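Visitor: Mind looking over this structure? Questions follow.
The values are calculated or read from the model by the stated rules, or taken from the named source; none is laboratory data. Remember, it's a predicted structure, so these values are computed and weren't measured experimentally. Quick reminder, even Gly has a Cβ in these numbers, built from the backbone with ideal geometry, and neighbours come from all protein chains shown.
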Amino acid sequence: MKHAISLLFALMLLSCSAADMDGGSWQNSTTRPDELHLSLEASDATRMELLAGKTVWSEGDHVSVYCFSDANQKWRFDGATGERTGSFTCVDNPEARRDITSIVALYPYDTNYDINSNSCNVGAMLPAVQQYAEDSFGIGSSIMVARGETSELMLRNLCGWLRLHISGSGHRVESISLRGNCAEQVAGRTFINTADATSRLVTMPATEIEDGGVGGTLIFPGDIVEEITLECGGVELSAEATTFYIALPPRSFEQGLTINIKCTDGRMVEKTTNKRVVIQRNHILPMAEFNIE
């Protein structure tokens with residue numbers, strides 16, 4: 001009888017151990033890839049970097065990856081600048097708390113992302129301050145997301161862009177600020193519906209998002225941010241127009257926009273349009289060229 005009880009106890013321990021291996025942080029351990037292949041959404045406008053009118057990866061760039069767990073891993077692009085489909089490897093793998101059912105990748109890498117393990121909705125921040133990059137989108141300003149169950153993923157843009165053409169020989173641009181004429185919110189805390197085929201910002205109460213709900217197009221549950229600033233660091237203008245890109249959430253500015261240009265010599269130039277301006281996801285909206293003189 002003692003031998004039977006001992007055998008039964010041993011079988012119970014074995015059964016518990018097998019169950020532990022099938023759940024918790026071990027659930028998808030055998031399916032986690034060593035390498036990801038991330039491509040960019042086909043369009044005339046996405047971002048890692050613009051090169052000859054096409055969007056490409058930049059050497060040494062990084063993305064945040066939730067690889068079947070809620071750990072915000074840091075993955076590095078291992079190719080050369082100019083590739084549209086890049087190979088990535090994990091360079092930082094923090095401890096996971098829970099499993100998730102998919103691989104979710106976000107550009108740019110950000111330690112402040114957080115993911116709902118049930119819905120895979122991601123909490124993120126649309127930056128109110130963007131950094132100028134020559135002939136390209138602002139550095140790290142355009143959030144992209146991908147979701148799938150394999151190592152082959154396509155990143156999709158959440159934002160659109162306003163393209164400004166500014167000339168003015170001898171002047172240097174310190175910064176460009178933009179705001180909607182109806183005090184529309186343009187930056188701040190937001191949530192990403194990673195399950196949506198086109199990738200959307202999520203509209204719903206923050207409590208529902210935390211409970212795993214999905215749907216809608218846009219929400220800023222945090223502080224209201226009505227102005228975006230592109231820091232330019234003294235970009236020199238010439239008689240030929242210089243191009244500046246500002247990333248914006250997809251939305252309509254019903255009574256137009258106001259743009260303020262600050263030069264390093266203290267010159268301030270304001271441009272206003274009262275016409276309706278519509279920013280579409282993954283599209284560039286060009287504005288008419290103007291001279292700050």
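Visitor: Can you confirm whether region 93-101 contains a residue that is modelled with pLDDT of 75 or more, in contact with a helix residue (DSSP H, G or I) (Cβ under 9 Å, 6 or more places away or on another chain) and aliphatic (A, V, I, L, M)?
Guide: Within region 93-101, one or more residues are modelled with pLDDT of 75 or more, in contact with a helix residue (DSSP H, G or I) (Cβ under 9 Å, 6 or more places away or on another chain) and aliphatic (A, V, I, L, M).
Visitor: What's the number of the condition Gln73 fails, among (1) touching a Lys or Arg at 6+ places or on another chain (Cβ under 9 Å); (2) within 23 Å of Thr194 (Cα to Cα); (3) at pLDDT 85 or above; (4) not basic (Lys, Arg)?
Guide: If we test Gln73 against (1) touching a Lys or Arg at 6+ places or on another chain (Cβ under 9 Å); (2) within 23 Å of Thr194 (Cα to Cα); (3) at pLDDT 85 or above; (4) not basic (Lys, Arg), just (1) comes out false.
Visitor: Given the residues Ala124, Ala80, Ala128, which is the only one that is surrounded by fewer than 18 Cβ atoms within 10 Å (Cβ to Cβ), touching a residue at least 24 places away in the same chain (Cβ under 8 Å), aliphatic (A, V, I, L, M) and under 29 Å from Cys232 (Cβ atoms)?
Guide: Working: Ala124 fails: surrounded by fewer than 18 Cβ atoms within 10 Å (Cβ to Cβ); Ala80 fails: touching a residue at least 24 places away in the same chain (Cβ under 8 Å).
Within the list Ala124, Ala80, Ala128, the selection yields Ala128.
Visitor: Could you please find all residues in region 247-267 being assigned to a strand (DSSP E or B) and either modelled with pLDDT of 95 or more or small (Gly, Ala, Ser) (or both)?
Guide: Going through region 247-267, the residues assigned to a strand (DSSP E or B) turn out to be 247-248, 251-253, 257-263.
Selection gives Ala247, Ser252, Leu257, Thr258, Ile259, Asn260, Ile261, Lys262, Cys263.
Visitor: Among strands (runs of 3 or more DSSP E) lying entirely in region 112-200, which contain 2 or more residues that are under 20 Å from Thr243 (Cα atoms) and charged (D, E, K, R)?
Guide: By residue number, 172-180.
Visitor: Another one. On the given criteria, is Ser252 touching a Lys or Arg at 6+ places or on another chain (Cβ under 7 Å) and either polar (S, T, N, Q) or closer than 12 Å to Glu184 by Cβ (or both)?
Guide: So Ser252 passes the test.
Visitor: For region 212-246, give me the residue count where each residue is modelled with pLDDT of 90 or more and not in a loop (DSSP other than H, G, I, E, B).
Guide: 15
Visitor: Shifting gears a bit: How many of the residues in region 95-106 are assigned to a strand (DSSP E or B) and either of a type in the set (S, T, N, Q) or out of contact with any Lys or Arg (no Cβ under 8 Å at 6 or more places or on another chain) (or both)? Talk me through it step by step, then tell me what you get.
Guide: Step one: of region 95-106, the residues assigned to a strand (DSSP E or B) are 99-106.
Going one step further and asking which of them are either of a type in the set (S, T, N, Q) or out of contact with any Lys or Arg (no Cβ under 8 Å at 6 or more places or on another chain) (or both), we end up with 99-102, 106.
Counting residues in region 95-106 that are assigned to a strand (DSSP E or B) and either of a type in the set (S, T, N, Q) or out of contact with any Lys or Arg (no Cβ under 8 Å at 6 or more places or on another chain) (or both) gives 5.
Visitor: Among the residues of region 41-50, is any at pLDDT 90 or above and surrounded by 21 or more Cβ atoms within 10 Å (Cβ to Cβ)?
Guide: no
Visitor: Just name the residue that is surrounded by the most Cβ atoms within 10 Å (Cβ to Cβ) out of those in region 165-193 that are of a type in the set (A, V, I, L, M) and at pLDDT 95 or above. Walk me through how you get there before you give the answer.
Guide: Quick first cut of region 165-193, residues of a type in the set (A, V, I, L, M) only: 166, 173, 176, 178, 183, 186-187, 192.
From the residues that got through so far, the ones that are at pLDDT 95 or above too are 166, 173, 176, 178.
On the way: Ile166: 23, Val173: 26, Ile176: 24, Leu178: 21.
That would be Val173.
Visitor: While we're looking at this one, here's another question. When you scan region 64-94, how many residues do you find that are under 19 Å from Leu155 (Cβ atoms) and not in a loop (DSSP other than H, G, I, E, B)?
Guide: Qualifying residue count for the region: 17.
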